[in-house]
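Derivation of every value follows stated rules applied to the coordinates shown; laboratory data play no part. Just so we're clear, the structure is a prediction, and the values are computed from it rather than from any experiment. Because the Cβ atoms are built from the backbone with ideal geometry, glycine has one as well, and the counts that use them run over all protein chains shown.
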Amino acid sequence: MRIGIVVDSTCDLPESYFEKNNIQILPISIRLGDELLVDKRDEQATRRFYQEQLDSEGIHAESIPYSVDQIQAVFLEQLVIDYDLVFCITVSGKRSLIFDNATKASFSILKQYQKVRADAGVPGPFSMRVIDSKTLFSGTAVLVCEVAKMIEQRANRNAIRLRIDEMLPHICGYMVPEKLAYVRDRGFKKGERKSFSDSMRGVALTVGSALSMHPVIRIHGGEENPATVNRSYEKSVRRMLEH
């Protein structure tokens, strides 16, 4: 069985890892002021975009996930031909519409894939599973790496599913905002979802609204909470990496 992985571009892994493991990216558009970046995990393009835009345009910031139709197109144009099963792993559904959009798209994909495969001369059924990682960034990456490893080891679909279900309650992502006030005041809009900036406001209150403090934020089960707090950004980063 040919098993593939699809992730959104918030999954914090190197571009080379995605290429090596044939992982498909669902891009997210990032708008800063009048400038728009379609984030496809091109490290150089992303770095250049932020260096040029973040300081001057960051007040008006917004992230735009792939729509239901866009996700459907990604699958029906190629993935339903290349694979028999795809695990679509997304950023926390509490922080983005990507999980909801992918879930809605899956209904149409599973109704339409037969003709696409038949036209391409590919026999047999296609299936997909949309998975809410319930975390962010490097936390999502932990789950993706485990699935990629099991695919490389030729594990069967049921073993991979069981492993995902086993891991989900235990995965934690960690981050240290360099400028908590910036994240609080200029956090990305998330459509109907609770904005990340709202979460950071809650964190700021939890640590006494002391914006000179630098919390290590733990993202687990879709919730963000301070794991520890230090007065130095460098100390918080060091403690996070040591942990």
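Values for this structure:
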quantity: Lys20 versus Glu234: modelled label distance in nm, points set 7 Å from Cα along the beta carbon direction; calculated: 3.2
quantity: Distant-in-sequence amide H partners of Ile131 (H built 1.01 Å from N, under 5 Å); calculated: Cys88, Ile89, Thr90
quantity: Charge tally in the Cβ shell below 15 Å around Tyr113, where Lys, Arg are +1 and Asp, Glu are -1, Tyr113 excluded; calculated: +1
quantity: Residues Asp100, Asp69, sorted so that the one with the fewest Cβ neighbours within 10 Å comes first; calculated: Asp69, Asp100
quantity: Overall form of region 90-170 per C-alpha gyration tensor (a/c, 1.5; a/b vs b/c); calculated: oblate
quantity: Hz values of 3J(HN,Hα) by residue in region 129-137 - Karplus curve (6.51, -1.76, 1.60), Gly and Pro given as x; calculated: 9, 9, 10, 7, 5, 6, 8, 9, 6
quantity: Proxy reagent accessibility, fewest Cβ within 10 Å first, across Arg238, Arg95, Arg117; calculated: Arg238, Arg117, Arg95
quantity: Distance violations [Cα-Cα > 30 Å] among Lys149/Lys179; Lys94/Lys115; Lys134/Lys179; Lys149/Lys235; Lys94/Lys179; Lys134/Lys235; calculated: Lys149/Lys179; Lys94/Lys115; Lys149/Lys235
quantity: Amide H contacts under 5 Å for Arg2, placed H, 5+ residues apart; calculated: Asp84, Leu85
quantity: Efficiency of FRET from Cβ geometry, Ala118 and Glu223, R₀ 51 Å, rounded to 0.05; calculated: 0.70
quantity: Separation in nanometres of the label points that stand 7 Å from Cα toward Cβ, at Ala73 and Ser127; calculated: 2.9
